[in-house]
Amino acid sequence: MNAAERALGVDVATKIASVVNLFRNEFPDAKADLKPWRNDPDTREWMDPDSIDIGFHLPGWSPRFQSRSMLVQIRFFTDPLEEAQRFIGIETAGFNHEGEAWRLSTIAQWQLVGNYEPAKDVRDRLQRFSEKAFELFS
């Protein structure tokens, strides 16, 4: 779900702003987008109501990133018995003209996978961002 729609309280809004700052510390050229999902029925069908989604756009396609845009999804699990959300991890995906180029997930083994992989220094900065953002929500 769009981060702008999830920022209903001070605590969540502060954490979203912190994630944006953490990402921008690693990737200063990236422009944050708190509404990466369009508000139409087809797009809404694919949105996860248990996530906070933030888009980041580079000035152009980057061979070092193997992408032009990245989507950070802060994932939660809603326990139906307790009716409470629990943080489970962060997924960051890079997108190029063919769609998703790569994905880094903290939910499984913290591996970067995909048909296109960014340069090693970019992977290291993505890992560092993921670790700091993970700590923020843990």
*asked:* Checking the structure you have, find out if any residue of the range 73-80 is free of Cβ contacts under 8 Å to residues at least 60 places away in the same chain and at positive phi.
replied: no
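What do you reckon, is Trp46 under 23 Å from Asn25 (Cβ atoms), modelled with pLDDT under 90 and not acidic (Asp, Glu)?
No, not satisfied.
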*Pick from the range 97-138 the residues that are in contact with a Lys or Arg (Cβ under 8 Å, 6 or more places away or on another chain) and in a helix (DSSP H, G or I): which of them is surrounded by the fewest Cβ atoms within 10 Å (Cβ to Cβ)?*
Asp121
*Go through Asp79, Asp124 for me and flag whichever is modelled with pLDDT under 90 and over 12 Å from the mean Cα position of the chain (by Cα).*
Asp79
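Residue check: is Val12 at negative phi and at pLDDT 95 or above?
Spelling it out, it is not the case that Val12 is at negative phi and at pLDDT 95 or above.
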*Find the strands (runs of 3 or more DSSP E) located wholly in the range 1-96 whose residues include 1 or more that are open to solvent by less than 20 Å² (accessible area, probe 1.4 Å), and list them.*
51-62, 67-79, 84-96
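The values are calculated or read from the model by the stated rules, or taken from the named source; none is laboratory data. As the structure is a computational prediction, the values presented were derived from the model and not from experiment. Neighbour counts run over all protein chains shown; Cβ positions are idealised from the backbone, glycine included. Areas reflect the complete protein model, heavy atoms only, side chains present, ligands, DNA and RNA absent. Shrake-Rupley method; radii C 1.70, N 1.55, O 1.52, S 1.80 Å.
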